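> Please see the structure below; I have some questions.
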Amino acid sequence: MNIYVQQSITIHSIKIGGISNSSVFQIGTSGNIIPASYLFNTGGFIKPAPEPEKNGTSTPLEPPIFVPISPK
């Protein structure tokens, strides 16, 4: 059975709180989204990474920037 969907989507603004390796951002219709996550040791590492050294001071994170999406 084939199902055809025609849609019109208007987006005035989008706020994305965070992105990770397994994030899915979708606008509209999708038939099937199959989650997949793979871990590979491409560097051939055999022990955990060393703890980072503290160099200098850190600055606080700035508030997120909102980018409005204007119509065509």
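> Between [x] 44, 9, 5; [y] 38, 26, 7; [z] 36, 8, 6, which entry matches semi-axes √(5λ) of the Cα gyration tensor in Å as derived from the coordinates of this structure?
[y]
> Taking the mean number of other Cβ atoms within 10 Å as a proxy for protection, how do you rank 32-44, 4-16 from highest to lowest?
Peptide ranking by packing, descending: 4-16, 32-44.
Rule-based calculations on the coordinates, nothing more; no lab input. Keep in mind that this is a model prediction, so the values were computed, not measured. Quick reminder, even Gly has a Cβ in these numbers, built from the backbone with ideal geometry, and neighbours come from all protein chains shown.
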